[in-house]
Structure formats: C-alpha cells, structure tokens
Amino acid sequence: MKVINILKKSKSTLFSFELLPPLKGHNIQTIFDSIDKLVEFNPAYINITYHKEEVVYRPDPFGGVEPVKVRRRPGTVGLSAAIQQRYKIDVVPHLICGGFDTHETEDALIDLDFLGIQNVLVVRGDADKITGKFEPKRGGHRYAVDLVRQVEKLNKGIYLENLMETPKQTEFCVGVAGYPEKHPESPNFESDIKHLKAKVDAGASYIVTQLFFDNSKYFKFVESCRNAGIKVPIIPGVKPISIKEHISLLPKVFGVQIPQELVSAVEKCETNREVYELGIEWAINQAKELKSANVPAIHFYTMGKSNNIARIASAVF
Ligand code: FAD
C-alpha cells in the first residue's frame, strides 16, 4: 500500500523506522534480526536507505595513494523486496540523484515497480565529503525536485523514450526530506522551505524530517511549512544518541543542534552505556510529546541497531 494511504487510514500516530543495507559481505539475516525485534510494535512501513559509491584512497604500488571507488552498502532494492516479501510490511526504498543518470533512474524505478514496491523516498544524496559540493552524474539530476518530477512522469506513463501508445503507468507514492533546522547548504530557512514546497508541488505526498532533538524546532518547522502552503503530512524523524561522540558528530554531519540540557547530561555520563540509556530516555520523552501532538507517524533512524528503538517503541506505542 502507498504510505500516504496508510497515513490517511490511521487515526493515531504510527510507528516507522529506517534501516541501512548491511555492509558488503554481511548476511541479510543481520537485517532480519533487527526487524524481528521491532515487528511486535506494528511498523506501518520500513525505509531502506541508498548508499552510492564513494572514493577512498588506498596505497598504490609506488608508495603513494590512489583513489578507488567502493560501495560499502549495496543491495537497497534486493533488500527492500526481500523485507516486503518476508514480513508483508510495505517498504520505502530511498532513491537518490547522486550516481545515477536519468536512464539508470528509470531502470531502477522499473525494477521497483516489477517487484511490487509502490513507495520511494526521493533524496538528492550527500555532498562530496572532500569538496563539500554535490555534483550529479553526467545526465543525472542536481536537485531532488527533478527526481520527483521524473517519478511523477513515469506515474503518468511518460518514459524517457517514446514507447508504445499507452505505456505502463507506475504508481509510486513519493516522500521527500525536510529540515526543521534547515538544510546545511541552504542560505536561510525561507529559501529551504521554498525548495521544499517545490518538491511537494512536483508531486511528493509527504515529508520526512531530518533528525532533531528539540521538538520545538519540529513544531516551528511544521508551522512555517503550513504558512508557506505546504499541506502534506510532515513526519518527524527521531534518533536516540547512543555514544558520547554523537554530541559533536551529529551537529557536524547533519547540521542539527543538540540542546544544552542533553549536552550537559551526556557530559556527566561516565560510560557509553550511560549515554545509551540517556539517549533512550530522551527519545522516549521526545516521542511521547510528538505523539500527544498527534503527529501522523514517528520515524526512527535505527542506524542498523534496533535494541534501543524497541525499548523506545515499547514505551511509546
Ligand atoms: P534537495 O531537496 O535537492 O536540496 C538540497 C539543497 O539544495 C538544499 O539546501 C535546498 O534548499 C537546495 N535546493 C533545492 N532545490 C534548489 C533549487 N532549485 N535551486 C537552488 N537550491 C535548491 N542520503 C543518501 O545518500 N541516501 C539516503 O538513503 C538518504 N536518506 C535520507 C532520508 C532522510 C529522511 C533525510 C532527511 C536525508 C536523507 N539523505 C540520504 C541525506 C540527503 O541526501 C542529504 O540531506 C542531501 O544533502 C539533501 O537531500 P535533499 O533531497 O533534501 O536535497
């Protein structure tokens, strides 16, 4: 079923989560084990992230280094189909601009359609870690909005080449990303909301937010979106911190702020076990408040670990 219909059908806040494909060489069972711990909380759908290849530098035979392309986490499409088949829960594979030209994107969408997958979360992909800039593949999309448009065209049966008279129309429900603390590359909040609205106007049915630790940021973001004329559901994304390093790492990687109250509490922890427990407690409080505000769903970023998410879900749902 399409995520938007799942959301429309539900009268209470739903539980959903995001998984990463396993590192190359690992078994799919590791993912099933994570899901097994969460199925009892009735996930409405499960997202699977997409990871493009990255450049790493390895020693060359002449004593220098050479750039090598590696893909650490392939398998998004296969994993999505395997999860949907095994658990009969709808999956939402992520589809990114980076690393794809439009023909490859079209082929990927055809694969998903043939596998009976009706949902995609459309995102641009991260900027290059070294240059800090995002460069699309030649013939690919620069912004997520362009990828939303391509999916929506396919939903109308418009392929890149002229095919037969009435080509198959796909039926993808498209979600997109939103940033309560603005996207790190955006010059300001207003500009970011304007570009978010363009994604919705292009056909996105709902928005999933970047992780945040202060609910007031989410509530303000929703208000700004509504004022800008964005009417679709806005699903908050929650991630429990689990190690001390997160308080410096997460702001750097995701451009989010950690409230001083949480920073101080983490600084007082003597072990990562204490940080882990604190992260669970903070996320439970966040999720309870979001649920009482009647948000459509709460989307948990698992980062491949589900024990803490299971504890949060059992306290909240
Ligand atoms: P866009 O919507 O294209 O926006 C990128 C930037 O460009 C923003 O600053 C925006 O304001 C600006 N912009 C947009 N349109 C225009 C325009 N027309 N002109 C000028 N500026 C414009 N990354 C992955 O690699 N794989 C994943 O699976 C993945 N999943 C994610 C899931 C969620 C819920 C979130 C929040 C992020 C995810 N990401 C993932 C990270 C995402 O790829 C990055 O945050 C990326 O930097 C931006 O993606 P976007 O879709 O928001 O980009």
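The values are calculated or read from the model by the stated rules, or taken from the named source; none is laboratory data. Fair warning: this is a prediction, and the values are worked out from it, not measured in the lab. No Cβ is skipped: glycine too gets one built from the backbone with ideal geometry, and neighbour counts run over all protein chains shown. The area values use the complete protein model at the heavy-atom level, side chains included, leaving out ligands, DNA and RNA. Shrake-Rupley method; radii C 1.70, N 1.55, O 1.52, S 1.80 Å.
A few comments on the model shown:
- For ASP126, ASP33, ASP90, the ranking by accessible surface with the largest value first comes to ASP126, ASP33, ASP90, using a 1.4 Å probe.
- Placing +1 on the Cβ of every Lys and Arg and -1 on the Cβ of every Asp and Glu, with nothing else charged, gives segment 3-316 a dipole about its Cα centre of roughly 440 debye.
- Computed over all pairs of different Cα atoms, the Kirkwood value for the hydrodynamic radius of segment 52-205 is 17.3 Å.
- Note that segment 201-209 has calculated 3J(HN,Hα) couplings of 4, 6, x, 5, 8, 7, 10, 10, 8 Hz, one per residue in order, obtained from phi through the Karplus relation 6.51 cos²θ - 1.76 cosθ + 1.60 (θ = phi - 60°); glycine and proline are x.
- Around the amide H of TYR206, modelled in the peptide plane, lie the amide H atoms of VAL176, all under 5 Å away and 5 or more residues distant in sequence or on another chain.
- Solvent-accessible surface (1.4 angstrom probe) belonging to ASP214, in square angstrom, nearest 10: 50
- Per residue accessible area of the chain, 1.4 Å probe, in Å²: 51
- Coarse-grained scattering of segment 51-121 at q = 0.15, 0.17, 0.20, 0.23 Å⁻¹, given as base-10 log I(q)/I(0) from a Debye sum over alpha-carbon atoms: -0.60, -0.70, -0.85, -1.02
- Ellipticity estimate at 222 nm from DSSP helix runs (n ≥ 4, -39,500 (n - 2.57)) divided over the chain, nearest 500: -12500 deg cm²/dmol
- GNM flexibility winner over the chain from LEU19, LEU154, LEU249 (Cα, springs under 10 Å): LEU249
- Near the amide H of ASN119, within less than 5 Å, lie the amide hydrogens of CYS173, all on another chain or at least 5 residues away, with H placed in the peptide plane.
- Semi-axes of the equivalent ellipsoid for segment 188-317, Cα gyration tensor, largest first, Å: 28, 16, 12
- Over 26 Å [Cα-Cα, segment 3-316], rounded percent: 48
- Taking 0.36 nm per residue of sequence separation and removing the Cα-Cα distance, the ASP111/VAL39 pair yields an extension gain of 23.3 nm.
- As a rough guide to protection, the peptides 271-278, 129-136 ranked by mean Cβ packing within 10 Å, highest first, stand as 271-278, 129-136.
- Under-5 Å amide H pairs with TYR45, H placed in peptide plane, nonlocal only: PHE17
- Sorted from longest to shortest, the spans of the Cα atoms of segment 149-224 along the three principal axes equal 51, 22, 17 Å.
- PHE100 - accessible surface, heavy atoms, 1.4 Å probe, Å² rounded to 10: 30
- Fraction of accessible area attributable to carbon and sulfur, the chain (%, probe 1.4 Å): 51
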